[in-house]
1. Residues in segment 40-54: is at least one in contact with a strand residue (DSSP E or B) (Cβ under 7 Å, 6 or more places away or on another chain) and small (Gly, Ala, Ser)?
2. Touching a strand residue (DSSP E or B) at 6+ places or on another chain (Cβ under 8 Å), among the basic types (Lys, Arg), within 23 Å of THR106 (Cα to Cα) and surrounded by 13 or more Cβ atoms within 10 Å (Cβ to Cβ): is that true of ARG58 in this structure?
3. For a quick check of your reading of the model, give me the residue pairs whose first member lies in segment 93-113 and is over 26 Å from SER182 (Cα atoms) and among the polar types (S, T, N, Q), whose second is surrounded by fewer than 18 Cβ atoms within 10 Å (Cβ to Cβ) and modelled with pLDDT of 85 or more, with beta-carbon atoms closer than 9 Å and at least 6 apart or on different chains.
4. Please count how many residues of segment 80-97 are in a strand (DSSP E or B) and polar (S, T, N, Q).
5. Give me the pairs: first residue in segment 6-27 and surrounded by 12 or more Cβ atoms within 10 Å (Cβ to Cβ), second residue modelled with pLDDT under 95, beta-carbon distance under 7 Å, and six or more apart or on different chains, which are they?
6. What residue, of THR100, THR77, THR65, is at pLDDT below 95, among the polar types (S, T, N, Q) and assigned to a loop (DSSP other than H, G, I, E, B)?
7. Please find, within segment 29-46, the residue that is surrounded by the fewest Cβ atoms within 10 Å (Cβ to Cβ) out of those that are among the small types (Gly, Ala, Ser) and not in a loop (DSSP other than H, G, I, E, B).
Amino acid sequence: MITNRTYGIDADVISYNARIVAGGNQSLSMQSLRQLNQFVISIKKIGLWHNIVCWPLRANQNAGTGTIAYSLGGFGTYNGTLVNSPTWEINGINMVKSPTPSITTTAFANQPDSIFSVQKFESAITTAQIVYDGSTRQHLYKNSNITTINGFAGNNPIVASTSPYNDVFSSFQLKFNGINGSASINGGSETTFNFGANNLTAFRMGGAQQGVVLSFAMIINTNISQNFHYLYKTTLGQDLGLP
């Protein structure tokens, strides 16, 4: 039950919780609301609230059941639809091996833009799309070589990581700025690549041969200098064991 007492919780967090409840779900716990509040306030302090839309996918930070993944952010409301039965888990949505599950949205952005995501790869996976555009630009991809993470723009692949990230949660951030872009992992140094100039349409999460546990995904529809790893780690990512 939502009461008129807000306990210092930001109005946009209250609105997010209200949408979840209106969908027939339980209200989020006070602990979850506080974590969401810390995240939202941090985003607002750096002036990017109206430039982001994100999907907190840990079960206690979203509906935690059903086929709707509720979105959060000032860029717009773009609730995701769970397709082919990915499963809610305490630390994220598990994109099981078969049949190719995904979360589809109508979110979009023109370059410059950025993608930030947090996920854990299953130890046995061979290939997994993490966050991507199904038509023109695939953003982040787990290669069949388990030690490689690729980012794509159009047909231009780049290697974002050459370290194994199985069975641990990690964050990845890809920035697209016209022809040039950059990739970073876990808040580390950025590597610059030639990405090409495709724009993001029909943003999706998951949907390949095998799965990942996806805790969070975010679109930023502007040119940024901010790296979101520490911000997420200390707010919505508490207890995930992020480095």
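The values are calculated or read from the model by the stated rules, or taken from the named source; none is laboratory data. Worth saying up front: this structure is predicted, and the values here are computed from it rather than measured. Because the Cβ atoms are built from the backbone with ideal geometry, glycine has one as well, and the counts that use them run over all protein chains shown.
1. Pass one, segment 40-54, residues in contact with a strand residue (DSSP E or B) (Cβ under 7 Å, 6 or more places away or on another chain): 43, 48, 51-54.
Add one more test, that the residue is small (Gly, Ala, Ser), and what stays is none.
Within segment 40-54 (the criterion being in contact with a strand residue (DSSP E or B) (Cβ under 7 Å, 6 or more places away or on another chain) and small (Gly, Ala, Ser)), the answer is no, since none of the residues qualifies.
2. Numbers: touching a strand residue (DSSP E or B) at 6+ places or on another chain (Cβ under 8 Å): yes; among the basic types (Lys, Arg): yes; within 23 Å of THR106 (Cα to Cα): yes; surrounded by 13 or more Cβ atoms within 10 Å (Cβ to Cβ): yes.
For ARG58, the condition - touching a strand residue (DSSP E or B) at 6+ places or on another chain (Cβ under 8 Å), among the basic types (Lys, Arg), within 23 Å of THR106 (Cα to Cα) and surrounded by 13 or more Cβ atoms within 10 Å (Cβ to Cβ) - is met.
3. ASN94/THR87; SER98/ASN84; THR100/VAL83; THR100/ASN84
4. Keep residues of segment 80-97 that are in a strand (DSSP E or B), which gives 80-83, 87-89, 92-94.
Then keep just the ones that are polar (S, T, N, Q); that gives 81, 87, 94.
Residues meeting the conditions: 3.
5. Partner pairs satisfying both residue conditions: ILE14/THR6; ASN17/ILE2; ALA18/ILE2; VAL21/ILE2; SER27/MET1; SER27/ILE2.
6. Details: THR77 fails: at pLDDT below 95; THR65 fails: at pLDDT below 95.
After ruling out the rest, the residue left standing is THR100.
7. Step one: of segment 29-46, the residues among the small types (Gly, Ala, Ser) are 29, 32, 42.
Subsequent filtering for residues that are not in a loop (DSSP other than H, G, I, E, B) retains 32, 42.
Details: SER32: 20, SER42: 18.
In this case the residue turns out to be SER42.
For (1) out of contact with any Pro (no Cβ under 8 Å at 6 or more places or on another chain); (2) within 30 Å of SER225 (Cα to Cα), each residue gets a yes or a no:
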{"site": "SER71", "(1), (2)": "yes, yes"}
{"site": "GLY80", "(1), (2)": "yes, yes"}
{"site": "VAL83", "(1), (2)": "no, no"}
{"site": "TRP88", "(1), (2)": "yes, no"}
